[in-house]
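For reference, the structure is listed below as structure tokens.
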Amino acid sequence: MLLHNSVDTDPRNKDLKSIYIYEAPVRLWHWVMVIAVTVLIVTGLLISYPPPSVSGEASEHFLFGYIRFAHFASGYTLAVSWLLRIYWAFVGNDYARQLFLVPIFNKIWWQEFMYDVKSYAFMHVREIKYSGHNPMAQAAMAFMLVPVSFFMMITGFALYSEGAGKGTWSDMLFGWVIPLFGQSQNVHTWHHLGMWLMVTFFIVHLYMVLRQDVTTRESIVSTMVSGYRTFKD
Amino acid sequence: METFYDVLRRQGISRRSFLKFCSLTATSLGLGSYFAPQIAHALETKPRTPVLWLHGLECTCCSESFIRSAHPLAKDVVLSMLSLDYDDTLMASAGLQAQACLDEVIAKYKGNYILAVEGNPPLNEDGMYCITGGKPFVEELKRVAKDAKAVIAWGACASWGCVQAAKPNPTNAVPIDKVIFDKPIIKVPGCPPIAEVMTAVVTYMLTFDRLPELDRQGRPKMFYGQRIHDKCYRRPHFDAGQFVESWDDEGARKGHCLYKMGCKGPTTYNACSTTRWNEGVSFPIGSGHGCIGCSEDGFWDKGSFYDRVTGIKQFGIEANADKVGGTLAAVTAAGVAVHAGITALKRAKLDHGKGFGKDGSGE
């Protein structure tokens with residue numbers, strides 16, 4: 001397990017120019033998720049607030065059906081990509097596990113975490129170089145992105161099971177969620193609220209990666225394309 | 001106690017016809033002629049199951065619905081299929097006489113009668129908000145339930161709590177499964193439940209002498225296995241994207257989907273869209289109004305009946321998911337913008353002075 005990832009503290013990294021961080025399956029998962037979640041948010045909002053009615057006979061149209069199909073298909077895609085991502089956490093490199101294993105019992109990790117907090121509060125000018133996620137980013141991924149994603153997939157498939165019907169795989173695996181929340185309407189409300197958490201995460205994530213790319217001494221955005229973290233000094 | 005045979009004879013069916021019926025039943029079940037006398041014997045000796053119907057905190061809409069059943073007719077259910085030995089709103093006797101009927105059945109049919117509960121018990125002030133026969137209803141409920149074979153929870157009251165349990169629930173009215181723990185409970189929710197659903201549940205239990213198959217929430221699967229939405233005759237308009245936008249528009253006249261008007265059909269499990277009401281005449285959606293979700297838990301507390309995205313009480317104010325979530329996203333975006341501004345300013349200052357970002361020696 002990767003306990004802490006600052007490159008600065010390890011003297012062997014003195015002349016390091018680049019490290020291979022994100023293996024192909026992780027990058028693929030990332031970009032599949034970007035597309036799937038975007039489609040899910042747009043279609044999800046359309047399901048809550050349907051577009052203006054179409055005119056003519058019902059038999060001539062299937063607009064709302066297609067919107068819902070896009071939502072369900074993206075949901076399935078997201079779930080499959082997460083299954084592959086979890087599998088890769090077992091077989092991939094150390095960085096593939098950062099989303100799931102946070103070294104909260106490691107003193108150095110906490111020191112670096114606090115250093116990060118101060119950096120983001122403009123109390124340090126120089127930021128530590130990291131190979132993988134910095135501790136704050138790692139915490140945001142593990143305690144926000146992962147739980148919210150799974151909350152959305154579990155409540156999503158529970159709602160899907162209502163249409164799919166009793167005895168279907170989604171009903172058998174996730175049907176219990178409906179009574180847990182009291183009734184279906186509550187699950188709809190919480191699923192909707194979870195969407196806004198995803199939007200909030202996306203705003204912060206996009207800002208952070210762009211900011212880090214511009215202000216720090218390592219590559220961020222291009223790393224999720226090429227897999228390599230390159231260092232500018 | 002009267003047997004099925006007695007009832008059939010009373011209704012003018014001859015012994016010859018009765019024995020013919022038994023032979024036919026045995027043959028159609030593939031049991032052979034040997035079983036015909038056994039079936040006859042069972043019908044001649046097996047007493048009809050007594051049903052005790054208690055009324056707690058309720059409005060009697062369940063009873064009103066029940067007596068309008070068409071298939072089977074409520075008359076047939078009450079007079080020939082079951083032995084409704086106690087129901088204080090329907091029975092002829094009253095007062096001590098009625099209480100005596102109740103006590104007699106409990107003593108005589110210990111563990112063999114069915115308890116049907118309409119309404120629910122309020123628990124505040126030791127249950128004093130609902131008194132029957134001089135005692136708090138909750139005590140009577142527990143007493144009668146103790147020796148029952150099974151318990152039927154009629155309506156949203158007995159199943160979930162309904163209006164008397166809606167916030168702030170001053171009498172602390174609770175569904176019956178909060179006071180009865182050791183008996184199988186069949187929930188038949190709705191405000192009221194559909195008449196045919198009520199009689200069918202009773203008929204099933206008496207005919208097969210077992211509970212109907214229940215779902216996770218204790219409701220009979222055969223009536224509560226699907227949502228109103230799944231069998232709604234307006235569903236094609238939903239899939240097409242044709243909605244009623246306001247109560248008097250073209251879509252309302254054409255019978256388009258009521259989804260945008262807050263119809264709770266997509267979140268409500270009931271048989272309205274198939275069984276319908278009043279001998280299959282219509283149901284709310286058929287009359288142009290959305291479903292209000294009356295058979296769902298806590299439907300009074302889910303905000304407006306006319307909202308698609310309903311409120312979240314947990315946030316103190318009547319806010320919906322969009323207001324809460326949208327505010328969160330907007331505040332975050334504003335925070336990000338401010339942070340980005342400060343970052344840009346700091347960097348501009350440093351670039352000017354010590355050259356941060358080139359050699360990393362800004363500190």
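The values are calculated or read from the model by the stated rules, or taken from the named source; none is laboratory data. Quick caveat: nothing in here was measured; it's all calculated off a predicted structure. FYI the Cβ positions are ideal-geometry reconstructions off the backbone, even for glycines, and counts take in every protein chain you see. Just so you know, the surface numbers come from the protein's heavy atoms only, side chains and all, with ligands and any DNA or RNA stripped out. Shrake-Rupley method; radii C 1.70, N 1.55, O 1.52, S 1.80 Å.
Computed from label points 7 Å out along Cα-Cβ, the spacing between A:Thr38 and B:His41 is 7.7 nm.
The magnitude of the dipole of the protein assembly as shown, with charges of +1 and -1 set on the Cβ of Lys/Arg and Asp/Glu and taken from the Cα centre, is near 1060 debye. Scoring B:231-240, B:28-37, A:216-225 by mean Cβ neighbours within 10 Å over their residues and listing the highest first yields B:231-240, A:216-225, B:28-37. Each label was represented as a point 7 Å from its Cα along the Cα-to-Cβ direction; for B:Val7 and B:Ala334 these points are 6.9 nm apart.
Could you tell me how many degrees, from 0 to 90 and to the nearest 10, lie between the Cα long axis of helix B:95-108 and the main elongation axis, the longest principal axis, of the Cα atoms of chain B? Relative to chain B, helix B:95-108 is tipped by roughly 80 degrees.
About the centre of its Cα atoms, chain B shows a dipole size close to 880 debye [charges on the beta carbon of Lys, Arg (+1) and Asp, Glu (-1) only; nearest 20 debye]. Note on exposure: B:Asp209, B:Asp87 ranked by accessible area (1.4 Å probe, complete protein assembly) read B:Asp209, B:Asp87, with the most exposed listed first.
Using only protein heavy atoms and a 1.4 angstrom probe, determine the accessible area buried between B and A, summed over both sides, in Å² to the nearest 100.
4600
Considering only the Cα atoms of the protein assembly as shown, their convex hull presents on average a projected area of 37.1 nm². Computed packing ranks the peptides A:32-42, B:62-72 as B:62-72, A:32-42, most packed first, by mean other Cβ atoms within 10 Å. Here the dipole of the stretch A:105-226 is about 280 debye; that uses its Cα centre as origin and unit charges on the Cβ of Lys and Arg (positive) and Asp and Glu (negative).
Apolar share of the accessible surface for the protein assembly as shown: 64 percent from carbon plus sulfur atoms, 1.4 Å probe.
Comparing B:Leu141, B:Leu84, B:His41 along the charge dipole axis of the stretch B:1-157, the residue lying farthest to the positive side is B:His41, per the Cβ-charge model.
Around the amide H of B:Ala319, modelled in the peptide plane, lie the amide H atoms of B:Ile312, all under 5 Å away and 5 or more residues distant in sequence or on another chain. Under 5 Å from the amide H of B:Leu214 lie the amide H atoms of B:Lys221, each residue being 5 or more positions distant or on a separate chain, with H modelled from the backbone and absent for Pro and chain starts. For B:Leu84, the residues whose amide H sits under 5 Å from its own are B:Val51, ignoring neighbours fewer than 5 places away on the same chain, with H placed 1.01 Å from N. For the residues of B:306-312, the average number of beta carbons from a partner chain within 10 Å of their own beta carbon is 3.
Helix A:107-120 and the long axis of chain A differ in direction by around 80°, with both axes built from C-alpha atoms. Listed by chain and number, the lysines whose C-alpha is less than 18 Å from the C-alpha of B:Lys183, apart from same-chain residues fewer than 8 away, are B:Lys110, B:Lys142, B:Lys146, B:Lys149.
Net charge in the neighbourhood of B:Ala148 (other residues with Cβ under 12 Å of its Cβ; Lys, Arg +1, Asp, Glu -1) is +4. For the stretch B:58-94, backbone nitrogen atoms closer than 18 Å to the point 7 Å from B:Asn112 Cα along Cα-to-C-beta are found at B:81-86.
Below 8 Å between Cα atoms, with a sequence gap of 6+, how large is the relative contact order for chain A in percent?
Once normalised by length, the contact order is 28 percent.
For the stretch A:36-162, the solvent-accessible area works out to 48 Å² per residue, with a probe of 1.4 Å and every protein chain left in place.
When DSSP beta bridges are restricted to pairs lying wholly in the protein assembly as shown, around 45% turn out antiparallel. Using C-alpha pairs below 8 Å separated by at least 6 residues, the relative contact order for the stretch A:11-120 is 35 percent. For the stretch B:1-159, the antiparallel share of DSSP beta bridges with both residues in that region comes to about 25%. The mean number of Cβ atoms from other chains found within 10 Å of a Cβ in peptide A:185-192 is 6, as a whole number. As I understand it, the value is the acute angle between the Cα axis of helix A:24-48 and the longest principal axis of the Cα atoms of chain A; what does it come to in degrees, rounded to 10? It is inclined by approximately 40 degrees. Shown in residue order for the stretch B:233-243 are the 3J(HN,Hα) couplings computed by the Karplus curve 6.51 cos²θ - 1.76 cosθ + 1.60 at θ = phi - 60°: 6, 8, 4, x, 6, 5, 5, 6, x, 10, 10 Hz (x for Gly and Pro).
Under 21 Å from the Cα of A:Lys17, which lysines turn up, not counting those fewer than eight places away in the same chain? Qualifying lysines at Cα under 21 Å: A:Lys129, A:Lys232, B:Lys358. Pairs over the 20 Å Cα-Cα cut-off, from the set B:Lys187/B:Lys260; B:Lys46/B:Lys108; B:Lys135/B:Lys167: B:Lys187/B:Lys260; B:Lys135/B:Lys167.
When the alpha-carbon atoms of the stretch A:11-230 are used, the pair Rg, Dmax equals 20.6, 73 angstrom.
A simple rule links phi to the HN-Hα coupling: the Karplus curve 6.51 cos²θ - 1.76 cosθ + 1.60 with θ = phi - 60°, which for the stretch B:162-171 gives 6, 5, 5, 9, 5, 4, x, 6, x, 8 Hz, with x for Gly and Pro. Converting phi to 3J(HN,Hα) with the Karplus coefficients 6.51, -1.76 and 1.60 and the offset θ = phi - 60°, the stretch B:141-154 yields 4, 5, 5, 6, 5, 4, 10, 7, 7, 8, 10, 9, 9, 6 Hz in sequence order, with x at every glycine or proline. For the peptide B:234-240, the mean number of other protein chain Cβ atoms found within 10 angstrom of a residue's Cβ is 6.
Based on C-alpha pairs under 8 angstrom that are at least 6 apart in sequence, chain B has a relative contact order of 12 percent.
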